[in-house]
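Report on the structure given below.
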Amino acid sequence: RPPADAARAPAPPGADGGDDRQRGPGGADPARVARGLCRAAVRLDSPLLDGLLASAVADHGLVPAWEYVMTPALRAIGRRWAASGDAAAERYVEAEQLLSWHISCALRRPRPARNAPDGGAAAHDRPVLLACAPGEGHTLALEALAAALGERGTPVRMFGAAVPAGALTEAVRRTGPCGVVLWSQTRPTADRSLPGRVHATTWGIKGARTRPAVLVAGPGWSRTRPAEGVHRPKGLAHALELIGAVRGG
């Protein structure tokens, strides 16, 4: 049986795991909220899921809510799914799918951008491209990164699941991004040649061409040694830091 989009617990971009016990700033204990999300998901209680997720983001901020509430809840549901056996597996698959969908909705909920550039500057700002590696269908961690970048006023092009290599390099040529984030949940989808190909894709007029920085994110890249122009973030906050450095602030 295939797991839900949460992939039995997506780590934050670049991370292979995390400390569920770590607290975000302020608000209710994140670990307790994560357990509440699990219980609500198993009961298929959509209104409670929405309420808990909204409170987590309001109390802790989007990035800590992802790292200390949403991700631990997804991991816990995944562990139940793995341990349940065939007889009870469907119960946890539907709970995982429901939780993933509500987290996706919470991440996409409009919120004011912080330190957003003015309209004139934004029109010429180079975007960040977010894409899953070819064959990779798990998008939730990229959705978290897209939401966090949106809060910061960073222009984003989100291409989602299973982006063919040719389509990705063409998008680089057409948009001239400052950075490209490639997500891989498992090693079979982590094409080790892809980051170098993307980084080598240039944009701009002859004599003034640029190439994007590449961030390889997700557990699938765990055995990949970053080459020149390729970075491996340790988590969502680190990915934001690297992107900020690439953008020059």
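The values are calculated or read from the model by the stated rules, or taken from the named source; none is laboratory data. Please read these numbers as outputs of a predicted model, since none were measured by experiment. Ideal geometry is used to build each Cβ from the backbone, glycine not excepted, and the neighbour counts take in all protein chains shown. SASA here: full protein model, heavy atoms, side chains in, ligands and nucleic acids out. Shrake-Rupley method; radii C 1.70, N 1.55, O 1.52, S 1.80 Å.
For segment 138-163, there are no residues whose amide N sits under 14 Å from a probe point set 7 Å from the Cα of ARG187 along the beta carbon direction.
One decimal place: the segment ARG39-ASP125 gains 26.7 nm when fully extended, by the rule 0.36 nm per residue minus the C-alpha distance. What shape does segment 133-249 take by its C-alpha gyration tensor, where a ≥ b ≥ c are the square roots of the eigenvalues and a/c under 1.5 counts as rounded, a/b above b/c as prolate, and the rest as oblate? Taking the square roots of the gyration eigenvalues as a ≥ b ≥ c, segment 133-249 is rounded.
With contacts taken as Cα pairs under 8 Å and at least 6 residues apart, segment 201-241 reaches a relative contact order of 32 percent.
Please report, as a whole percent, how much of the solvent-accessible surface of segment 24-77 comes from carbon and sulfur atoms (probe radius 1.4 Å).
On the way: 1080 of 1930 Å².
Of all accessible area on segment 24-77, carbon and sulfur atoms account for 56 percent.
Shape summary: segment 193-249 maps onto an equivalent ellipsoid whose semi-axes, from the alpha-carbon gyration tensor, are 22, 16, 7 Å in decreasing order. Amide H to amide H, with H built 1.01 Å from N, VAL181 comes under 5 Å of LEU129, LEU130, ALA131, LEU215, counting only residues 5 or more places away or on other chains. Taking every C-alpha pair closer than 8 Å and separated by at least 6 residues, the mean separation divided by the residue count of segment 179-249 gives a relative contact order of 35 percent. Placing unit charges on each Cβ (+1 for Lys and Arg, -1 for Asp and Glu) gives segment 140-212 a dipole about its Cα centre, and among VAL163, TRP183, THR210 the Cα reaching farthest toward its positive end belongs to THR210.
Under 5 Å from the amide H of VAL156 lie the amide H atoms of VAL128, each residue being 5 or more positions distant or on a separate chain, with H modelled from the backbone and absent for Pro and chain starts.
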